[in-house]
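What follows draws every value from the coordinates through simple rules; no lab data is involved. These numbers were taken from a predicted model, which means no experiment stands behind them. Backbone-built Cβ (ideal geometry, glycine too); neighbour counts: all protein chains shown.
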Amino acid sequence: MAKITFIGAGSIVFAKTIMMDIMATPELVDSEICLMNRGKPKLDRIKAFADRVVRDNNLPTKVTATLDAREAMTGADYVVFMFDTGGAAAYEHDYLIPLKYGVDQCIGDTLGPGGVFRALRTIPVVVNYARIMAEVCPNALLLNYVNPMAAVCYALGQEAKVQFVGLCHGVQTTIDLIAHILGEKKEDLDYFAAGINHMAWFLRIEKDGVDQYPRFRQLCERPEVYKIEKVRIETMRHFGYFMTESTGHLSEYLPYFRKTRKALDTYCDEPAFGGESGAYYKFGKILAKKFAKVDPLEFESTQLAPPSAEYCTHIIKAHRTNQPFRLNGNVRNDGLITNLTQGCCVEVPCFVDRMGIYPTKVGALPPQCAALNQTNVTVQGLACQAALTGDPELAFAAVALDPLTSAVCTLYEIREMTREMLAKEAEWLPQFAGRTLAARKPVRVTPKTKGIEAPLDPALAIGNRFGQLATMKLKKPKA
């Protein structure tokens, strides 16, 4: 019997989906599922639903629940992280404060000011849990669903003493979309995707050994196709490859699509996650208000279905049965992608069997793809270091180097925004206690201010001299 621990089992979507995937997998149905959450009401809800599923399907699965993380992880074979530090209250600041400064986010959980501050809140908690794992279940596999995925796994790669992989469904859902546009069954397509989380590139798309990219690019020029994924398709049109995340997400990771009203109206005009401002924030508020009064699991069916596309259960099955499974996982970049920062988090093809998780060496990405990825990797690295050290200047630097923020704001505005966010989210950022980000107000220069005399580069001096000559009234020489 495997012990599979969920840390953050109050996350209804992931907890319910993965739990039912496990129960629907014959090789895993006799497992112990240990549910851990810091809040008792949500824990009681998911435990009650799990008990109903077991009872209604007459399963041998053992379901336990606890508020204590150490107890939950003791003796575990697999630990699944699925929590959100700060919740809706923190996320409100992630969205509304940047919006005051002109930084318009659709999702705000991966990059941008929202993604940076989610990393600052989350990384210390993730690292602490990983350290507990190293004590109480050192041989367990850590399967991470916590966002911001790349920044969190960047920190795990530096700090964790257990084997881990970060899991996302961006590759699976994108190949569904590609197959739909091509009019093919996804099972008939072969693909190779690599990069970073939410910005991995489909480097190859083939059917029976024939390159499908020319036809795919041609189909994406059709207005009815272009309309549903403007940002992803526009990025492919200019940089050559299709990416793994939706328009709403991707529009935040690049400086081109959300920096002006014109850009938003042109590329981010679809509702909800198609680019709408604050889509994730608004969606979360609606759910929080509804679920505060109603148990969403009370009316959910307990009927089991084939396991979903989420990688988690397939990994556990492969690890226990030694039947290899391929996935795209988020792991430490130990030379896997040679033109991205060593030690960062990369998303690459991985294989799993009884011995563990084996990432594939990709080599160099196309240079333009690596360059776009690196703009995000730099921010992730700074956010990671800020989260681990509590240095507010590093937090500022992470926000200042964010592609969208730097396209919209001045450095002073970014500093003031960061100061405001640090103050508003202080209760979730204990590592910054007692440390204040300096204000750095602009130096006042009046029309009467006279600049100092400064030595000039010879070339500049010559240029200035020609400028003076050009404005002089030259006298005509006497005959």
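Data overview
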{"read-out": "Protection proxy ranking, peptides 319-325, 434-440, average beta carbon neighbours within 10 Å, highest first", "value": "319-325, 434-440"}
{"read-out": "DSSP-defined antiparallel bridges as percent of all bridges, the chain, nearest 5", "value": "50 percent"}
{"read-out": "Relative contact order for the chain, counting Cα pairs under 8 Å that sit 6 or more residues apart, in percent", "value": "17 percent"}
{"read-out": "Mean Cβ count within 10 Å, highest first, over the residues of peptides 197-203, 57-63", "value": "197-203, 57-63"}
{"read-out": "Amide proton proximity set for residue 275, modelled H, under 5 Å, gap of 5+", "value": "248"}
{"read-out": "Sum of side-chain charges, residue 32 neighbourhood, beta-carbon under 10 Å (Lys, Arg +1; Asp, Glu -1)", "value": "0"}
{"read-out": "Environment charge of residue 100, counting only residues whose C-beta is closer than 13 Å and scoring Lys/Arg +1, Asp/Glu -1", "value": "-4"}
{"read-out": "Helix axis angle, 149-159 relative to the chain longest principal axis, alpha carbon, degrees", "value": "80 degrees"}
{"read-out": "Loop-located GluC sites (Glu not before Pro) in the range 414-458, at most 12 other Cβ atoms within 10 Å (DSSP)", "value": "453"}
{"read-out": "Folded to 0 to 90 degrees: helix 87-100 orientation relative to the chain principal axis, Cα", "value": "20 degrees"}
{"read-out": "Shape of the range 170-291, Cα gyration tensor, a/c cut at 1.5", "value": "prolate"}
{"read-out": "Per-residue Cβ neighbour rank within 10 angstrom, fewest leading, 213, 253, 78, 358", "value": "358, 213, 78, 253"}
{"read-out": "Angle between the chain longest axis and helix 279-291 axis [Cα atoms, degrees, rounded to 10]", "value": "40 degrees"}
{"read-out": "Proxy reagent accessibility, fewest Cβ within 10 Å first, across 46, 107", "value": "46, 107"}
{"read-out": "Separation between Cα centres of the range 200-230 and the range 376-403, rounded to whole Å", "value": "35 Å"}
{"read-out": "Table column - 3J(HN,Hα) (Hz), the range 244-258, Karplus curve with 6.51, -1.76, 1.60, x for Gly and Pro", "value": "8, 10, 5, 3, x, 5, 4, 4, 8, 8, 10, x, 9, 10, 10"}
{"read-out": "Neighbour-count ranking [beta-carbon atoms within 10 angstrom, fewest first] of 410, 235", "value": "410, 235"}
{"read-out": "Those Cys residues of the chain for which no other cysteine Cβ falls under 4.7 Å", "value": "34, 106, 137, 168, 220, 268, 312, 344, 350, 369, 384, 409"}
{"read-out": "Calculated [θ] (222 nm, deg cm²/dmol) that DSSP helices of n ≥ 4 give over the chain, each run adding -39,500 (n - 2.57)", "value": "-14500 deg cm²/dmol"}
{"read-out": "Reported label for calculated Cα extents along the principal axes in Å given [x] 125, 53, 41; [y] 64, 58, 45; [z] 115, 59, 42", "value": "[z]"}
